[in-house]
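Taking it in order: structure first as structure tokens, then the write-up.
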Amino acid sequence: MRKFGYISILIIAFAVLQPSLLFSLGITIYMPDIVAVIVAAQSFTRSMRLSAVIAISAGIVVDLASPATGIFGVSSISYLLIALLVNRYVAAPHDSAWKPVLTAALAPVAAVMVRAVVLLLTMQSISLSQLPAFIGWQLITGAIFATFLVPIIDLIDKPLYRDSLPLRVRS
């Protein structure tokens, strides 16, 4: 776990910076969910259990940093679902070039949709008229950040993964 501590730093940095920076710029409605891209990007090369722990932790950090939805744990549910789906169905970035980037780009949209469903099921107010514009904004920002974050995380993870493999001794 110590080798992958940079993921925790990335998650905390983006969870704290994205709402505070955007609120200072006056952009309060369309906040990009960069943490969802990080959760998807880290899920390619990690085990299911580690991906789930990172996703739940990221959701807790995001809910503590910007409690916009009003329900604590909604981000954890959405990130956990993203991590499980990515870990189960998408190949690692060094096996395929475009599929992981597209999957990570779609992760913020999946997070928004899970949040919207949870808010509707708990009878919270949600603006359905702004949902298409918000999804479009998440697609644009997700594609931009996934283009850079997925290759960088894969580039950092490859040597860490290779170094963590046990040595084979010939007899």
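Please treat every number below as a calculation from the coordinates, not as lab data. This one's a predicted model, so the numbers in the text were calculated from it and none came from an experiment. Note that each Cβ is placed from the backbone with ideal geometry, even for glycine, and that neighbours are counted across all protein chains shown.
Values as computed for the structure displayed
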read-out	value
FRET efficiency for L155 and K99, using Cβ-Cβ distance with R0 set to 25 Å, rounded to 0.05	0.90
Derived scalar couplings ³J(HN,Hα) [the stretch 138-147; Karplus, 6.51 cos²θ - 1.76 cosθ + 1.60; whole Hz; x for Gly, Pro]	5, 5, 5, 5, x, 5, 5, 6, 5, 4
Inter-site label distance for L64 and F148 at 7 Å from Cα along Cβ, in nm	2.7
